[in-house]
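These notes concern the structure reproduced below.
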Amino acid sequence: MDDLIRRAVEDLAAAKNVAALTGAGISIESGIPPFRGKGGIWERFDPMEFAHIDALMRDPAKVWRILVKEMKEIVDSAKPNDGHKGLAKLEARDKIKTIITQNIDGLHQAAGNTDVIEYHGTFAWQRCMDCNQKYETRKVDISEIPPRCECGGILRPDAVFFGEVIPAEAMWRSRQAAAGCDLMLVVGTSAVVQPAAMIPVIAKDNGARIVEINPERTPLTDEISDYLIMGGAGEVINQIVTALEKM
Ligand SMILES: [Zn+2]
């Protein structure tokens, strides 16, 4: 077994309270493209034109037609991969308590994790811009765009748009989770985007071990992370969880 995988298994076995911080890298294997970086959604769509709250307010039909409809098609058919499933197994074994995610695809909940802090809200649900009623995205009929609530109001993703603030409860709870854990898995994120970038720092300052799982080095590597296991999230997590289950 790879030395770093063995080290992670031992660290997980010894840990009492594990938290995970996840990003786009864990969902790539589920067919969800990242927003930022190479091949990302923002290479094709100008976020200021389609993902800013002002754009949504000005012309919701346009935002739906160009961006939201395509994302709905991607997210509706996406399934959790070995990365999500492995983190769910760690919760089932009473290891992981909380997942803090920058993703909006709802795949951690689909895998079975029950305490998921969604920093940027969720695309798995839509909410009415008038009465706030929520609808599961995959059940929303988009034969007419923009889709509407029973009350006639326009539906919008329950996700954080540019120009909107991170939900205060998500901020507060993720700081609590970071400060309280003794091991943090940082998976599929370079954690360069604030305020999520603070989360591993808070965990480290409170004495937690930071185990990074990423395909390449990030600004966290050597600075904040105790070690980096280089690789795809699904494969690495699968190896760790399989080895842990054999202990
Ligand atoms: Zn409504």
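Every number here is computed from the coordinates shown, using simple stated rules; none is lab data. Keep in mind that this is a model prediction, so the values were computed, not measured. For neighbour counting, all protein chains shown are included, and Cβ atoms are generated from backbone atoms with ideal geometry for every residue, glycine included.
Is at least one residue of region 119-139 within 16 Å of the ligand (Cβ to nearest atom), of a type in the set (Asp, Glu) and assigned to a strand (DSSP E or B)? Talk me through it step by step, then tell me what you get.
At the first step, the residues of region 119-139 found to be within 16 Å of the ligand (Cβ to nearest atom) are 125-137, 139.
Next cut, of a type in the set (Asp, Glu) only: 130, 136.
Now drop any that are not assigned to a strand (DSSP E or B), which leaves 136.
There is at least one residue in region 119-139 that is within 16 Å of the ligand (Cβ to nearest atom), of a type in the set (Asp, Glu) and assigned to a strand (DSSP E or B).
Against the numbered list (1) within 18 Å of residue 127 (Cα to Cα); (2) surrounded by 21 or more Cβ atoms within 10 Å (Cβ to Cβ); (3) not basic (Lys, Arg), residue 57 comes up short only at (2).
So, of the residues in region 140-167 that are in a strand (DSSP E or B) and within 18 Å of residue 73 (Cβ to Cβ), which turns out to be farthest from the ligand (Cβ to nearest atom)? Taking the candidates together, the pick is 159. Tallying residues that are among the small types (Gly, Ala, Ser) and free of Cβ contacts under 8 Å to residues at least 40 places away in the same chain within region 15-51 yields 3. Scanning region 77-129 for residues that are free of Cβ contacts under 8 Å to residues at least 60 places away in the same chain and either among the acidic types (Asp, Glu) or within 18 Å of residue 181 (Cα to Cα) (or both) gives 88, 91, 92, 94, 113, 114, 115, 116, 118.
The numbered conditions (1) farther than 28 Å from residue 210 by Cβ; (2) more than 16 Å from the ligand (Cβ to nearest atom); (3) buried (at least 19 other Cβ atoms within 10 Å of the Cβ) are all true for residue 88 except (1). Criterion applied to 229, 199, 240, 224 was being part of a strand (DSSP E or B) and either crowded, with 16+ Cβ neighbours inside 10 Å or among the β-branched types (Val, Ile, Thr) (or both), and the one residue passing it is 229.
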